[in-house]
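Working notes, structure below.
The values are calculated or read from the model by the stated rules, or taken from the named source; none is laboratory data. Remember, predicted model here, so these are calculated numbers, not experimental data. We place every Cβ from the backbone using ideal geometry, glycine too, and count neighbours over all the protein chains shown.
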Amino acid sequence: MIVTILSVAGMLGGTVLNVAGILAGGVVGLTRQKPLPAAAESFFKVWLGAFTVFYGLRLTWLSLNGSAWQVLKGLVIAVLAMMLGKLIGRLMGLQRMSNRLGQAARESIAGINPADPRRLSDGFKTCASLFCAAPLAILGAVQDGLSGYFYPLAVKAVMDGLATMGFVGVFRWGVMLAALPVLAFQGTITLACALWLKPFLTAHGLVDPVNAVGGLLVFSVALVILGLRRIELTDYLPSLAIAPLLTWIWP
């Protein structure tokens, strides 16, 4: 029993980091009354962006193997998968749904009353939806399950922790409860990928295409963090499914 629990916990390394980031951000936010100085925010932004660039491109690089032709083919498939994935995501309205969640969260924060007894539950619902609906929640959980590459979720852990520091000033400790749905949502995706999807993809040599696209998407997250470009990241998530399909079709 203990061995099984430890094995599952090992699979959920990225999600555990994410949960720890939310809890740590909440504790710091409750004990520290002053917001982070602008210089500190800039420091975190730059280093988080650099970290994301490195580990995003590293994942793509590690996924491109074989001869020069195979590497070129892998890049072409990754780019095509992202193009088709973006089209499918737009048709499904994924980014629009994400934007609506963000707008609802902003309205909830703007309309909060410090004397409202519901603010704890409002904080829980608002932050749970924001943390679980973020593109990195799905992308990072998939990468962690398929290859144990927890770095995207480590980036999300810092981002969610910093967000929690600000939210607890409005919603108090109810924000920290959002760590529970994050654990359930991301953990379920990671375990499903590790236990069921990974064996199938590995048997057919289809893990690398998913990782190649995942690395490019993580790199795109860095562009958003650094404010270099606005990218509709949620619309690109179907690319993770399109990449192995294209590889299967194009042997």
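Name the residues in segment 237-248 that are part of a helix (DSSP H, G or I), touching a helix residue (DSSP H, G or I) at 6+ places or on another chain (Cβ under 6 Å) and either surrounded by fewer than 17 Cβ atoms within 10 Å (Cβ to Cβ) or not hydroxyl-bearing (Ser, Thr, Tyr) (or both), would you? Show your work before the answer.
Step one: list which residues in segment 237-248 are part of a helix (DSSP H, G or I), which gives 239-248.
Still in the list and also touching a helix residue (DSSP H, G or I) at 6+ places or on another chain (Cβ under 6 Å): 239-240, 242-244, 246-247.
Leu240, Ile242, Ala243, Pro244, Leu246, listed by residue number.
Among helices (runs of 4 or more DSSP H) lying entirely in segment 133-215, which contain 2 or more residues that are over 18 Å from the mean Cα position of the chain (by Cα)? So that I can check it myself, show each step before the final result.
Working: elements: 135-147, 151-171, 179-192, 198-203.
Ranges flagged: 151-171, 198-203.
Restricting to segment 128-182, count the residues that are closer than 26 Å to Ser42 by Cβ and modelled with pLDDT under 85.
Number satisfying all stated conditions: 6.
Just to verify a result, which residue in segment 179-235, among those that are under 24 Å from Leu48 (Cα atoms) and of a type in the set (D, E, K, R), is surrounded by the most Cβ atoms within 10 Å (Cβ to Cβ)?
Asp235
Report, by residue number, each residue of segment 60-102 that is among the basic types (Lys, Arg) and either loosely packed, with under 15 Cβ neighbours inside 10 Å or free of Cβ contacts under 8 Å to residues at least 40 places away in the same chain (or both). Before the answer, list the steps.
To start, the set of residues in segment 60-102 that are among the basic types (Lys, Arg) comprises 73, 86, 90, 96, 100.
The answer is Arg96, Arg100.
Out of curiosity, is Gly10 assigned to a helix (DSSP H, G or I), at pLDDT 90 or above, within 17 Å of Tyr151 (Cβ to Cβ) and not acidic (Asp, Glu)?
On the way: assigned to a helix (DSSP H, G or I): yes; at pLDDT 90 or above: no; within 17 Å of Tyr151 (Cβ to Cβ): yes; not acidic (Asp, Glu): yes.
It is false that Gly10 is assigned to a helix (DSSP H, G or I), at pLDDT 90 or above, within 17 Å of Tyr151 (Cβ to Cβ) and not acidic (Asp, Glu).
Can you say whether Thr234 is part of a helix (DSSP H, G or I), in contact (Cβ under 8 Å) with a residue 60 or more places away in the chain, among the β-branched types (Val, Ile, Thr) and touching a His at 6+ places or on another chain (Cβ under 9 Å), as far as the supplied structure shows?
Working: part of a helix (DSSP H, G or I): yes; in contact (Cβ under 8 Å) with a residue 60 or more places away in the chain: yes; among the β-branched types (Val, Ile, Thr): yes; touching a His at 6+ places or on another chain (Cβ under 9 Å): no.
For Thr234, the condition - part of a helix (DSSP H, G or I), in contact (Cβ under 8 Å) with a residue 60 or more places away in the chain, among the β-branched types (Val, Ile, Thr) and touching a His at 6+ places or on another chain (Cβ under 9 Å) - is not met.
For Pro251, all conditions in the list (1) surrounded by 14 or more Cβ atoms within 10 Å (Cβ to Cβ); (2) within 13 Å of Gly74 (Cα to Cα) hold save one; what is the number of the exception?
(1)
Residues are listed down the side, and each one gets a yes or a no for (1) modelled with pLDDT of 90 or more; (2) assigned to a helix (DSSP H, G or I):
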position	(1), (2)
Pro35	no, no
Glu41	no, yes
Arg58	yes, yes
Trp61	yes, yes
Ala78	yes, yes
Ile88	yes, yes
Leu101	no, yes
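Taking the condition of being buried (at least 24 other Cβ atoms within 10 Å of the Cβ) and among the small types (Gly, Ala, Ser), how many residues in segment 135-167 meet it?
4
Is it true that Val170 is out of contact with any Lys or Arg (no Cβ under 6 Å at 6 or more places or on another chain) and crowded, with 24+ Cβ neighbours inside 10 Å?
Details: out of contact with any Lys or Arg (no Cβ under 6 Å at 6 or more places or on another chain): yes; crowded, with 24+ Cβ neighbours inside 10 Å: no.
Taking the combined requirement at face value, the residue does not satisfy it.
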